[in-house]
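**Q** Just dropping this structure here.
Values in this text are rule-based calculations from the coordinates and carry no lab data. This structure is a prediction, so every number in the text was calculated from the model and none was measured. Cβ sites come from the backbone with ideal geometry, for glycine too, and all protein chains shown count toward neighbours.
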Amino acid sequence: MSDPADAASDGRATETIRARGHEHVTARHASTLEITTDDFLTPAGDCILAIEADRAPADFDPAFVAAARDEGATITVTVAAGGHETTITGRGDPRLSFESDRSAVCRTSDYVDDRTILVEADAAAADLDRALVDALADGAAARASVAVER
């Protein structure tokens, strides 16, 4: 079951995505990372961390989306799997549409499409803790908490 956006006690809005790893997770992409609702992953998907996500950006609460569209917003994504956890930090952007019903993508650049949930991330798939990546490659359940703070 998915969690709707919640106002955390510190004033942040959060969204939670639950997914699972896959044997083809390599997390080698240098500028993006992605979580997808697709139920498969090919070896070419080197930015994909998890599949079978229970939510996509199109499912995010409108209040969360509005907050994330603020260029001054800080957006964090904390990915946890197999007892390992890492946090990626980026910023919001007025161009974020949150229209994708398939994938959530974090980007180190300022490129935006319907899948983008943050820009100017401080890390991409290739930068992640290899123990987390190994857990995802073993098919571990994954949880991504996406938080926005203005």
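**Q** Give the residues of the range 95-115 that are assigned to a strand (DSSP E or B) and of a type outside the set (A, V, I, L, M), sorted by residue number.
**A** Selection gives SER103, CYS106, ARG107.
**Q** Can you work out which of the residues in the range 93-124 that are of a type in the set (Gly, Ala, Ser) and within 16 Å of VAL146 (Cα to Cα) is farthest from the chain's Cα centre (by Cα)?
**A** SER97
**Q** Okay, next question. Please specify each residue of the range 74-92 satisfying the condition of being within 21 Å of ASP122 (Cβ to Cβ) and surrounded by fewer than 21 Cβ atoms within 10 Å (Cβ to Cβ).
**A** Matches in the range 74-92: THR74, THR76, THR78, ALA80, HIS84, GLU85, THR86, THR87, THR89, ARG91.
**Q** Scanning for something part of a loop (DSSP other than H, G, I, E, B), in contact (Cβ under 8 Å) with a residue 60 or more places away in the chain and not β-branched (Val, Ile, Thr), does the range 84-94 turn up at least one residue?
**A** Among the residues of the range 84-94, not one is part of a loop (DSSP other than H, G, I, E, B), in contact (Cβ under 8 Å) with a residue 60 or more places away in the chain and not β-branched (Val, Ile, Thr), which makes the answer no.
**Q** Does ASP134 meet the test of being within 29 Å of GLU23 (Cβ to Cβ), in contact with a Ser or Thr (Cβ under 7 Å, 6 or more places away or on another chain) and not in a strand (DSSP E or B)?
**A** No, not satisfied.
**Q** Quick check on the range 61-75. Is at least one of its residues hydroxyl-bearing (Ser, Thr, Tyr) and either touching a Pro at 6+ places or on another chain (Cβ under 8 Å) or farther than 13 Å from VAL146 by Cβ (or both)?
**A** Within the range 61-75 (the criterion being hydroxyl-bearing (Ser, Thr, Tyr) and either touching a Pro at 6+ places or on another chain (Cβ under 8 Å) or farther than 13 Å from VAL146 by Cβ (or both)), the answer is no, since none of the residues qualifies.
**Q** Still on this model: If I ask for residues that are buried (at least 17 other Cβ atoms within 10 Å of the Cβ) and in contact with a His (Cβ under 9 Å, 6 or more places away or on another chain), which ones from the range 129-150 would you list?
**A** LEU132, VAL133, ALA135, LEU136, ALA137, ALA140
**Q** Return the total of residues in the range 110-127 being touching a helix residue (DSSP H, G or I) at 6+ places or on another chain (Cβ under 9 Å) and closer than 14 Å to ILE48 by Cα.
**A** The total comes to 3.
**Q** I'd like to verify a number: residues in the range 98-112 that are surrounded by fewer than 17 Cβ atoms within 10 Å (Cβ to Cβ) and touching a residue at least 40 places away in the same chain (Cβ under 8 Å), how many?
**A** Going through the range 98-112 one residue at a time, the tally reaches 4.
**Q** If the requirement is being in contact (Cβ under 8 Å) with a residue 24 or more places away in the chain, surrounded by fewer than 22 Cβ atoms within 10 Å (Cβ to Cβ) and either more than 15 Å from the chain's Cα centre (by Cα) or not in a loop (DSSP other than H, G, I, E, B) (or both), which of these qualifies: GLU23, GLU34?
**A** Criteria check complete, one pass: GLU23.
**Q** Can I ask one more? Quick check, is LEU118 hydrophobic (A, V, I, L, M, F, W, C), in a strand (DSSP E or B), touching a residue at least 24 places away in the same chain (Cβ under 8 Å) and more than 18 Å from VAL25 (Cβ to Cβ)?
**A** Yes, satisfied.
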